[in-house]
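Just below is one structure, and these are the notes that go with it.
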Amino acid sequence: MDIIGKVITFIMSTISNLIGSRSAIDDIKKGFKENFKKNQ
């Protein structure tokens, strides 16, 4: 049960970090799309 609790806590903190840095994620997605176009 201890491991499950740690995993849930880790997932929740990761989700909150992702929500908090949504603009950073958008920047990463833009950069990824641009790199993907270059590779094609």
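The values are calculated or read from the model by the stated rules, or taken from the named source; none is laboratory data. Remember, it's a predicted structure, so these values are computed and weren't measured experimentally. Backbone-built Cβ (ideal geometry, glycine too); neighbour counts: all protein chains shown. The area values use the complete protein model at the heavy-atom level, side chains included, leaving out ligands, DNA and RNA. Shrake-Rupley method; radii C 1.70, N 1.55, O 1.52, S 1.80 Å.
A few remarks follow.
- For the chain, the longest principal axis of the Cα atoms and the long axis of helix 2-20 meet at an angle of about 40 degrees.
- The residue among Asn35, Phe10, Ser21 whose Cα reaches farthest toward the positive pole of the charge dipole of the chain, with charges on the beta-carbon of Lys, Arg, Asp and Glu, is Asn35.
- The angle between the Cα long axis of helix 22-39 and the main principal axis of the chain comes to about 40°, on a 0 to 90 degree scale.
- Debye, to nearest 20: dipole size of the chain, +1 on Lys, Arg Cβ, -1 on Asp, Glu Cβ: 260
- Taking a ≥ b ≥ c as the square roots of the eigenvalues of the alpha-carbon gyration tensor, the chain is classed oblate because a/c is 1.5 or more while a/b is no larger than b/c.
- The calculated 222 nm mean residue ellipticity attributable to helices in the chain amounts to -31500 deg cm²/dmol, summing -39500 (n - 2.57) over DSSP H runs of n ≥ 4 and dividing by all residues.
- Carbon/sulfur fraction of accessible area - the chain, other protein chains in place, 1.4 Å, %: 66
- Solvent-accessible area per residue for the chain (1.4 angstrom probe, square angstrom): 99
- Local charge for Asp27 was computed over the other residues whose Cβ lies under 12 Å away, with Lys and Arg +1 and Asp and Glu -1, and equals +2.
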